[in-house]
Amino acid sequence: MPSRTLLFLALTALAWAQNTPDYEKPPISYSETQPTDAIVALQRRLAAGELTLPGDDREALRRVLAELRVPIASQVVVFSKTSLQRSRIRPDHPRVIYYSDSAYVGWVPGGLVEVTVIDRQLGPVFYAMDLAAARRRANPFTRDSDCMSCHGGAFVRDVPGVFVRSVFPADTGEPLLRHGTAVVDDQTPFAERWGGWYVTGYHGALAHRGNALAREEGEQLVFTPSEKRPDELSGFFDTGDYLAPTSDVVALLVLEHQTTMQNALTRAAFATRRMLDYQRGLQRHFKEPETDEPAYDSVKSVIASSAQDIVDRLLFHKEAELPEGIVGAEAFRTAFAAGAVRARDGRSLRDLDLRGRIFAHRCSYMVYSPAFAALPAPLKAKVFERLKKALDARDPKDRHAYLPAEEKERIRAILLETLPEARVLWGKTG
């Protein structure tokens, strides 16, 4: 009997190891590790009565956004049933999402507030907030493991991630998944974006999938892109229930880049931490001095590959071309520019272009983010090494040759002026 018990325990442990994502195992231990993110402090203030929320849900949401420094102008609107509160979502009762560089807030009127914040070590951490509990000074935020069924799986290549999906939505908001679903990033063709989303501020001729419903006839998909080019959404639902009447096209474009960049940072950081932990284990086994500097070829290879992925995302490698007619709302452009780190000549990595591409200087503003700052030191050093090489390159066959020499010089100058680590790692003269 004892041998059978041991065999059962061994098989159970093996099954757990095989079915458990790597991020739930040491050294990450995602769910077991206590975060130190913005929600921890906000929860403490609510519980102590230092912060109170208004009785109206809409105004309570406004207060939460203000506390997390998330601009209302970032609002984007999704009507497909593709979230935790799918039962509440319909085309005439959509979900709204607001975001900053390090926080994402989702809400459906009458429902929970969903909050995702970026922790320096864990990446995205997912919470559900009960507004009624917040008014009672109870603990309104609960870390929501249900989110990981989507936000920790194949959609984000097995790291905790944030993403935008494009689906074919029925008139109920139900996605017709057998006809396809896609995670949208800045490489996604414009015509394939925003299925299940509302889009305002686009006046161009090229169609996208937003603002439109799909249906099935037998087993065939019937979908006709919308010809509507609205600047506000009152023709689709009662916008008075929400904080803004828009789902801004520029906010959507920036969100898609930002989520992809965030996932690249999380993936690279986790891979590096795992490999350095593996290295230390080998060093202990062979009685070698333990070090966080890459010592083995396998460790160096993973870090180099991870750094290249980050640099490609930073420099908008293979970015899809945007059509004419992207205007967006002044409110979002103003809010987005407010967070800019500017060089002496006023240039910033947040400067928008919108003439075929999102940004004027194609290096991501996420280089200033807490997630980038918290990258393991060997990985960050390799990122700066690869980034310098990319910006110095003048070979027309180079991986980043789509960036003209003049643009590379602008990016280089901005980084040297505004990012202390660039000055240190590249030298004062770069």
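The values are calculated or read from the model by the stated rules, or taken from the named source; none is laboratory data. The model shown is predicted, which means the values in this text are computed figures rather than measured ones. No Cβ is skipped: glycine too gets one built from the backbone with ideal geometry, and neighbour counts run over all protein chains shown. Each accessible area value is taken on the protein alone, full model and side chains, heavy atoms only, with ligands, DNA and RNA left out. Shrake-Rupley method; radii C 1.70, N 1.55, O 1.52, S 1.80 Å.
Data table
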quantity	calculated
Selection count, the range 15-35, where residues are closer than 27 Å to Val108 by Cα and either open to solvent by 50 Å² or more (accessible area, probe 1.4 Å) or touching a Ser or Thr at 6+ places or on another chain (Cβ under 7 Å) (or both)	1
Given (1) surrounded by fewer than 23 Cβ atoms within 10 Å (Cβ to Cβ); (2) at pLDDT 95 or above; (3) aliphatic (A, V, I, L, M), number of the condition Ala154 does not satisfy	(2)
Any hit, the range 343-352, residues being modelled with pLDDT under 95 and surrounded by fewer than 16 Cβ atoms within 10 Å (Cβ to Cβ)	no
Members of the range 66-88 that are in a helix (DSSP H, G or I), free of Cβ contacts under 8 Å to residues at least 60 places away in the same chain and of a type outside the set (Lys, Arg)	Ala66, Glu67, Leu68, Ser87
Residue in the range 376-397 that is more than 20 Å from Gly427 (Cα to Cα), in contact (Cβ under 8 Å) with a residue 24 or more places away in the chain and either surrounded by fewer than 18 Cβ atoms within 10 Å (Cβ to Cβ) or not hydroxyl-bearing (Ser, Thr, Tyr) (or both) present	yes
Residue selected from the range 201-222 under the condition open to solvent by less than 80 Å² (accessible area, probe 1.4 Å), of a type outside the set (A, V, I, L, M, F, W, C) and in a strand (DSSP E or B), by the criterion farthest from Ile89 (Cα to Cα)	Tyr202
Count of the range 223-281 residues which are among the small types (Gly, Ala, Ser), open to solvent by 10 Å² or more (accessible area, probe 1.4 Å) and touching a Phe, Trp or Tyr at 6+ places or on another chain (Cβ under 7 Å)	0
Hey, Thr429 modelled with pLDDT under 90 and either of a type in the set (Val, Ile, Thr) or in contact with a strand residue (DSSP E or B) (Cβ under 7 Å, 6 or more places away or on another chain) (or both) or not	yes
For Val311: the one exception among (1) more than 30 Å from Ala73 (Cβ to Cβ); (2) of a type outside the set (Asp, Glu); (3) open to solvent by 10 Å² or more (accessible area, probe 1.4 Å)	(3)
Lone qualifier among Gly339, Gly427, Gly328 - being surrounded by fewer than 18 Cβ atoms within 10 Å (Cβ to Cβ) and within 25 Å of Ser247 (Cα to Cα)	Gly339
Any hit, the range 362-374, residues being of a type in the set (D, E, K, R) and more than 17 Å from Gln187 (Cα to Cα)	no
Cβ-Cβ under 8 Å pairs, at least 6 apart or on other chains, the range 131-145 side more than 17 Å from Arg62 (Cβ to Cβ), far side part of a helix (DSSP H, G or I) and polar (S, T, N, Q)	Asn139/Gln43; Phe141/Gln43
